[in-house]
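Asks: Starting off with a structure, shown below.
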Amino acid sequence: MGVRLIIMGPPGVGKGTQGELLAERFGIPRLSTGDMIRAALKAGTRLGDRVRVYYEAGDLVPDEVVLGLISEAFDGPEAACGFLLDGFPRTVAQADGLAELLTARGIGLDAVLSLEAPEQELVERISGRRVCEACGLVTHVRLVGDASPCPACGASLIQRSDDRAETVRNRLSVYREQTEPLLAYYASSETGLTAVDGLGSPEAVRDRLLETLRCAEAVG
């Protein structure tokens, strides 16, 4: 029946990268609500049209609409053999809604994984990110220095406004406010919550996650 996972973590911890690596390892779809919302908007589905109303008004997409997208994904053929939820749920209300969707389908979660790293490391990871104005290459000052041109095309590298250190700290603060209750929610659930060190190379963190899953008997 495959494996069903949630991977959580603050901005900059690498959950997107690890979600892709784990999804590829197990041959399951990585369900990111951000990607799903963009896909629904592009496809012009019924839910996509509902999402567009909130996007055009600059409002947050309500939980019931996001849960509708998740429900559609669960009923699709790709998720029949498992799935990985990346960055969802974000609140206890969303977790309750997710539990109802799973119960209605007679399935459960195999593991809830929380990637962790010190706040200063996360700030340095995100605030050090640079993007090429010309070719779109994304790199980091740890690799190219703070005043270097783009290594791919020689154009200027810029720092996005939402990558500035003060903005990143605010994003981390919001994450803690929204997510700490969610961490407690899963820690006290039947599935439980497993914290995993997010420091190191992507491959090292992936191996750590796989070992955690093997120890939890979530995978063979």
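Asks: Would you check if VAL61 is part of a helix (DSSP H, G or I) and either free of Cβ contacts under 8 Å to residues at least 40 places away in the same chain or in contact with a Ser or Thr (Cβ under 6 Å, 6 or more places away or on another chain) (or both)?
Replies: When the stated conditions are applied, VAL61 does not pass them.
Okay, residues lined up against (1) on the phi < 0 side of the Ramachandran plot; (2) in contact (Cβ under 8 Å) with a residue 40 or more places away in the chain; (3) part of a helix (DSSP H, G or I):
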{"position": "ALA134", "(1), (2), (3)": "yes, no, no"}
{"position": "ARG171", "(1), (2), (3)": "yes, yes, yes"}
{"position": "GLN178", "(1), (2), (3)": "yes, yes, yes"}
{"position": "LEU183", "(1), (2), (3)": "yes, yes, yes"}
{"position": "ALA195", "(1), (2), (3)": "yes, yes, no"}
{"position": "GLY200", "(1), (2), (3)": "no, no, no"}
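Asks: For region 85-98, check the following and say yes or no: at least one residue is touching a residue at least 60 places away in the same chain (Cβ under 8 Å), within 23 Å of PHE26 (Cα to Cα), in contact with a Gly (Cβ under 8 Å, 6 or more places away or on another chain) and of a type in the set (A, V, I, L, M).
Replies: No; the residues of region 85-98 include none that is touching a residue at least 60 places away in the same chain (Cβ under 8 Å), within 23 Å of PHE26 (Cα to Cα), in contact with a Gly (Cβ under 8 Å, 6 or more places away or on another chain) and of a type in the set (A, V, I, L, M).
Asks: Considering every residue within region 97-104, establish whether at least one is exposed (fewer than 14 other Cβ atoms within 10 Å of the Cβ), among the charged types (D, E, K, R) and either on the phi > 0 side of the Ramachandran plot or modelled with pLDDT of 95 or more (or both).
Replies: Checking region 97-104: at least one residue is exposed (fewer than 14 other Cβ atoms within 10 Å of the Cβ), among the charged types (D, E, K, R) and either on the phi > 0 side of the Ramachandran plot or modelled with pLDDT of 95 or more (or both).
Asks: Here's another thing I want to ask about it. Kindly indicate the residue of region 134-157 that is of a type in the set (A, V, I, L, M, F, W, C) and loosely packed, with under 12 Cβ neighbours inside 10 Å and also modelled with the highest pLDDT among those meeting that condition.
Replies: Ranking the candidates gives CYS135 first.
Asks: Continuing with this model, one more query. So TYR186 ticks every box in (1) within 18 Å of the chain's Cα centre (by Cα); (2) under 13 Å from PRO10 (Cα atoms); (3) at pLDDT 95 or above but one. Which box is left unticked?
Replies: (2)
Asks: For region 8-52, which residues satisfy the criterion of being open to solvent by less than 20 Å² (accessible area, probe 1.4 Å) and free of Cβ contacts under 8 Å to residues at least 40 places away in the same chain?
Replies: The answer is ILE37, ALA40, LEU47, GLY48, VAL51.
Asks: Checking the conditions here, which among GLU78, GLU56 is open to solvent by 50 Å² or more (accessible area, probe 1.4 Å) and either among the aromatic types (Phe, Trp, Tyr) or over 20 Å from VAL3 (Cα atoms) (or both)?
Replies: It is GLU56.
Asks: Another one. State whether the residues of region 84-92 include one that is among the polar types (S, T, N, Q) and touching a Leu at 6+ places or on another chain (Cβ under 6 Å).
Replies: There is no residue in region 84-92 that is among the polar types (S, T, N, Q) and touching a Leu at 6+ places or on another chain (Cβ under 6 Å).
The values are calculated or read from the model by the stated rules, or taken from the named source; none is laboratory data. Just so it is clear, the model here is predicted, and its values are computed rather than measured. Positions of Cβ are generated from backbone atoms using ideal geometry, with glycine treated the same way; all protein chains shown enter the neighbour counts. To get the accessible areas, we keep the full protein, side chains included, count just its heavy atoms, and leave off ligands, DNA and RNA. Shrake-Rupley method; radii C 1.70, N 1.55, O 1.52, S 1.80 Å.
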